[in-house]
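The values are calculated or read from the model by the stated rules, or taken from the named source; none is laboratory data. This is a predicted model, so every value here is computed, not measured. Here the Cβ positions follow ideal geometry from the backbone for every residue, glycine too, while neighbour counts run over all protein chains shown.
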Amino acid sequence: MKFVVQYLKVLGFLVICSLFAAPSFAAPDTIPTVARLSYMKGVISFAPAGLKKWIKVSVNRPLVIGDQLWSDKGGLVELQLGTAVVRIGDYTSLKILNLNNTIAQFQQTNGMLGLSVRPENKNRRYEIDTPNLAFTTTVSGYYRIDVDSKKNVTIVTVRKGRGDVYGKNASFKIKEGQSCRFTGKDLKGYQCSAVGPVDDFDRFNLERDRRSVKTVIKYVAPEMIGYEDLEHYGTWKVIKTYGRVWVPQITVTNWAPYRMGRWIWLNRWGWTWVDEQPWGFAPFHYGRWTRWQNQWVWVPGPRHIAPVYAPALVAFVGGRQFNLRVGGAPGIAWFPLAPGEIYIPPYRVNQHYFTQVNISNTVINQTYINQIYNAPTVNINYQNINILNAITAVPTTAFVQSTPVNAEAVEISPETLKAAPVTPVAEVVPEPISVQGGNAPSSAVPSSEIVNEEAITQTEPPPEPIPFTQEQPLLANEPGKPLTEEQIEQLSPQTPSQEQQTVTPEQQAPEVQQAPEVQQAPEVQQA
């Protein structure tokens, strides 16, 4: 394995005229985001949006709308959402229905789920949809949902906080300290009681919550996904140029940001970095990187602005019009963006989103942001392209196949790099293996009855993602760019592949009273 070690000085020239002239990625009042797979134990299976294929999965993968998880016997999974965390136990089926800065919506058709909402949550709505009901809350607290698909039972337990459940033509308020058992879809068959003692799954949730509470969040915004790991794997320093920076604990020789991990293709987001280090989420999807005292340091964005997630804060070297050779084969290279440098998403965005994804992740001038957004072409003088060992390069085949970069990185000459264009888009066509993230098939899968179970929803979710095989021909026309909203709409089926019943209650049931007898959670169905 060899790394780029030459000293480079290159002026990046970007052609960006086609990035913004289309329907926007986000409406002005919503900002799309992801969930981080932050912890897992046991046998966990994953079906990426658009593939309908159960595969193995790794920590730090960003999860998006349409992704599904199955936690098999003894399995545990944690998903970080910034100001909330979702965890599931064994024999649990979970699907992401919607994710943005205003709502996080999940479908649970079997098993046990814990939802911890932090006090920093600012009116973001959390919704868990089951075959019997939809549970919603915006209030900090600890909530548990147990679903037995065989017995047609959902139990909602509120140990701390408060929430609402919705069924057909009815809604129900549940207060702190109450546990309610529901059958059917109309909320008529219910039993409520005081919460019972905690079990092993509760203890797992509460222990993970305590770990997060101990984490200092003085230096980053609380909405940042993955900030919890920074305290455990690095130190904070103050430097004159940028103020507070984070220094990772690195033991690998010739380490550079975006080198220990792999590239995957995410529905709607495009090429996305998945780091293999335990702390490797927040510093690769927020902020910027720079060199200080012969080491890499991460510079977060302003703490008072809720950070906007990005799939990878890098610039790429090479493109369709330039045959970059890496080890004698076609290749692609990249380097991290430095503080104050503009990030240009590969997906189509409106000006509000373009502004927020930049001002929330680095200190940058608004006039400069507007200039880049409105200019058809622009020259950008990148700082890190001149930094020793900042550029990482791999053969294109390794990039597409989601091969670990650390094993494939090779050296390219300064002459080659000087002649290559710098682009915000990795102009590489994805394949199904790119969506899988290079992961092998999984033998532990849920039953078709659990996967296809109908759920009650209070909020109508976005359309089901279209199959990747339908997207692929169009993706080849503009390599590296996800489809536009118009293209997706043209390919979308008239009816969703999995039904949900969206309910708008006409009446509201009275607040429940605590019963003297504690209800037991249902047994969950095994695969």
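Brief remarks on what is shown
- Residues that are assigned to a loop (DSSP other than H, G, I, E, B), surrounded by fewer than 22 Cβ atoms within 10 Å (Cβ to Cβ), modelled with pLDDT of 95 or more and out of contact with any strand residue (DSSP E or B) (no Cβ under 6 Å at 6 or more places or on another chain) are absent from the stretch 412-422 altogether.
- Some residue of the stretch 230-240 being in a loop (DSSP other than H, G, I, E, B), of a type in the set (S, T, N, Q) and assigned by TED's automatic domain parsing to the domain that holds Tyr286: no
- Selection over the stretch 469-478 of residues that are farther than 16 Å from Gly50 by Cβ and surrounded by 16 or more Cβ atoms within 10 Å (Cβ to Cβ) gives a count of 1.
- Cross-chain or 6+ apart pairs with Cβ under 7 Å, the stretch 419-437 first and within 19 Å of Trp334 (Cα to Cα), then basic (Lys, Arg) and assigned to a loop (DSSP other than H, G, I, E, B): Val425/Lys481; Glu427/Arg320; Gly437/Arg61
- For the stretch 27-73, the set of residues classified as closer than 17 Å to Val85 by Cβ and among the small types (Gly, Ala, Ser) consists of Ala35, Ser38, Ser71, listed by residue number.
- Condition met for Arg262 (in contact with a helix residue (DSSP H, G or I) (Cβ under 8 Å, 6 or more places away or on another chain), surrounded by 21 or more Cβ atoms within 10 Å (Cβ to Cβ) and closer than 30 Å to Pro311 by Cβ): yes
- Matching residues, the stretch 53-108, being surrounded by fewer than 24 Cβ atoms within 10 Å (Cβ to Cβ), touching a Lys or Arg at 6+ places or on another chain (Cβ under 6 Å), of a type in the set (S, T, N, Q) and within 18 Å of Glu464 (Cα to Cα): Gln68
Condition check ((1) crowded, with 24+ Cβ neighbours inside 10 Å; (2) in contact with a strand residue (DSSP E or B) (Cβ under 9 Å, 6 or more places away or on another chain); (3) not basic (Lys, Arg)) across all residues:
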| site | (1), (2), (3) |
| --- | --- |
| Phe281 | yes, yes, yes |
| Arg288 | yes, yes, no |
| Arg291 | no, yes, no |
| Trp296 | no, yes, yes |
| His304 | no, no, yes |
| Pro307 | yes, no, yes |
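- For beta carbons closer than 6 Å, sequence separation of 6+ or different chains, a first residue in the stretch 185-211 that is assigned to a loop (DSSP other than H, G, I, E, B) and a second that is modelled with pLDDT under 95 and among the basic types (Lys, Arg), the qualifying pairs are Lys185/Lys168; Asp186/Lys168.
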